[in-house]
Amino acid sequence: MMSRSIQWAAAVALSTVACAVSAANTNDSDMPYVQGLGTFTIVDSDRTWDDDFGFQVGFGLPLEWENTALELSIFSGRFERDIDGDDDYHAGITLDLVRDFGGISFLSRSDIVPFALAGVGAVRDDVQGDHDVRPMANVGAGARMGLPWLGMDLRSEFRVIGQHESLSAPGEDWLIDYRFLVGLQLPLTPFFAAPADPPAGPLPEEEECEVAVVDPVTGRTDCRTDSDDDGVDDTRDACPSTGPGVTVDAEGCPLMADTGQDSDSDGVMDANDTCPDTYPGVTVNTNGCAEPQPLVIPKLTFEFDTARLTPDAREVVDDITLMLQGQPDLTVEIIGHTDARGDDAYNQKLSEERALAVRDRLVAQGIDDTRLSLTGRGESQPVASNDTEEGRAANRRVAFWLYID
């Protein structure tokens, strides 16, 4: 059984790591994780023990340094004594710095990630009813391989462990053990993933008036509405579709000094632009409104094995929202894609979940879901090679088809 001193050390270390978690910037690619491993230890020949099995559990926290994590691990084992066949106990805690060296493609399905580690800790040996706690240090190396479930990894490693003195080897200053470990590593995605931005709050309470005006964009009924936010009510706005930031006269029309402005850079000047918030790169007609077309946006991608929108992806969806709000006759087919890791059925489901995540954010910001349709294409339509991490990242995407209703 683990000693009270090691239990206290574990509690202090866990508190320290928990504080670091609260301060860390945990995005989709830097997620805290837990692990459970089986162990087999080849003990120092000076010990009075036979080699035997045990276990190790741990918690890992990615650090600001790229590909580096801090791991807190607790291990335990039971060893048969050579002298009488009874059992002694060996348990401890380590704090290790782990550095991985990037993924190596394996059969185009998984990445093998080699890593090295080093750390210090404390170990308790219970020998023939007596016990002591001693310092220890270890170094090791291993590899992780991605599995197609919940972002889980298969992890195996080898450690060389140095312990200062032990009741199991009287008279020896240092003991060297060799430990083999294999098990699973699981990211704590549900607990640390950044939540999606909440939808905008409720509209202000409507005024009471005898004659109400219906906002053609939001559908709000109000005493006054200003569809283009130029400061001139629609009831007296002679140019109700003025682009954002354009200086207008008392009738809501652009001043002559602003007629050369093109706020959305679509080639149609704001004074003539009926749809002033088209997304950059969208093909527009002479009125500045989007035409039917496919739309692929490089920034609208996802991390491996997740349907959560990254900050860049959320920004893209918010810009698409503005375009849809400014062009009510525009409908969208949202098309989800994956890279080639995982089986076909799993990737098909994941691609549909990615399209759904984009649809849900659009709806949360006021876009009618009847204007949106979903399609999942799985891994069937890559836009880059699945043999490199850069290519796989480009394939984890959502694209659009724009239609005129």
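In region 148-164, what count of residues is obtained for those that are touching a strand residue (DSSP E or B) at 6+ places or on another chain (Cβ under 6 Å) and either open to solvent by 40 Å² or more (accessible area, probe 1.4 Å) or assigned to a loop (DSSP other than H, G, I, E, B) (or both)?
7
Given the criterion at positive phi, small (Gly, Ala, Ser) and modelled with pLDDT of 55 or more, identify the matching residue among GLY162, GLY151.
After applying the criteria, what remains is GLY151.
For region 272-292, state whether one or more residues are within 26 Å of LEU150 (Cβ to Cβ), touching a residue at least 12 places away in the same chain (Cβ under 8 Å) and out of contact with any helix residue (DSSP H, G or I) (no Cβ under 9 Å at 6 or more places or on another chain).
Looking through region 272-292, none of the residues is within 26 Å of LEU150 (Cβ to Cβ), touching a residue at least 12 places away in the same chain (Cβ under 8 Å) and out of contact with any helix residue (DSSP H, G or I) (no Cβ under 9 Å at 6 or more places or on another chain).
When only residues in region 325-344 that are at pLDDT below 90 and part of a helix (DSSP H, G or I) count, which is surrounded by the most Cβ atoms within 10 Å (Cβ to Cβ)?
Per the stated criteria, the residue is GLY326.
In this structure, does GLU352 turn out to be of a type in the set (D, E, K, R), open to solvent by 40 Å² or more (accessible area, probe 1.4 Å) and either assigned to a helix (DSSP H, G or I) or within 18 Å of LYS299 (Cβ to Cβ) (or both)?
yes
Looking at VAL217, is it open to solvent by 60 Å² or more (accessible area, probe 1.4 Å), more than 30 Å from ASP130 (Cβ to Cβ) and either among the polar types (S, T, N, Q) or at pLDDT 65 or above (or both)?
no
Scanning region 228-241 for residues that are surrounded by 14 or more Cβ atoms within 10 Å (Cβ to Cβ), assigned to a loop (DSSP other than H, G, I, E, B) and modelled with pLDDT of 70 or more, which turns out farthest from the chain's Cα centre (by Cα)?
Looking at residues that are surrounded by 14 or more Cβ atoms within 10 Å (Cβ to Cβ), assigned to a loop (DSSP other than H, G, I, E, B) and modelled with pLDDT of 70 or more, I get ASP237.
Among the numbered criteria (1) of a type in the set (Asp, Glu); (2) closer than 26 Å to VAL284 by Cβ; (3) surrounded by 16 or more Cβ atoms within 10 Å (Cβ to Cβ), which single criterion is violated by ASP368?
In the conditions (1) of a type in the set (Asp, Glu); (2) closer than 26 Å to VAL284 by Cβ; (3) surrounded by 16 or more Cβ atoms within 10 Å (Cβ to Cβ), ASP368 misses (3) alone.
Suppose the filter is among the polar types (S, T, N, Q), modelled with pLDDT under 95 and open to solvent by less than 50 Å² (accessible area, probe 1.4 Å); does SER110 pass it?
yes
The values are calculated or read from the model by the stated rules, or taken from the named source; none is laboratory data. Given the structure is predicted, the values throughout are model-derived calculations rather than measurements. No Cβ is skipped: glycine too gets one built from the backbone with ideal geometry, and neighbour counts run over all protein chains shown. Side chains included, ligands, DNA and RNA excluded: accessible areas come from the protein's heavy atoms. Shrake-Rupley method; radii C 1.70, N 1.55, O 1.52, S 1.80 Å.
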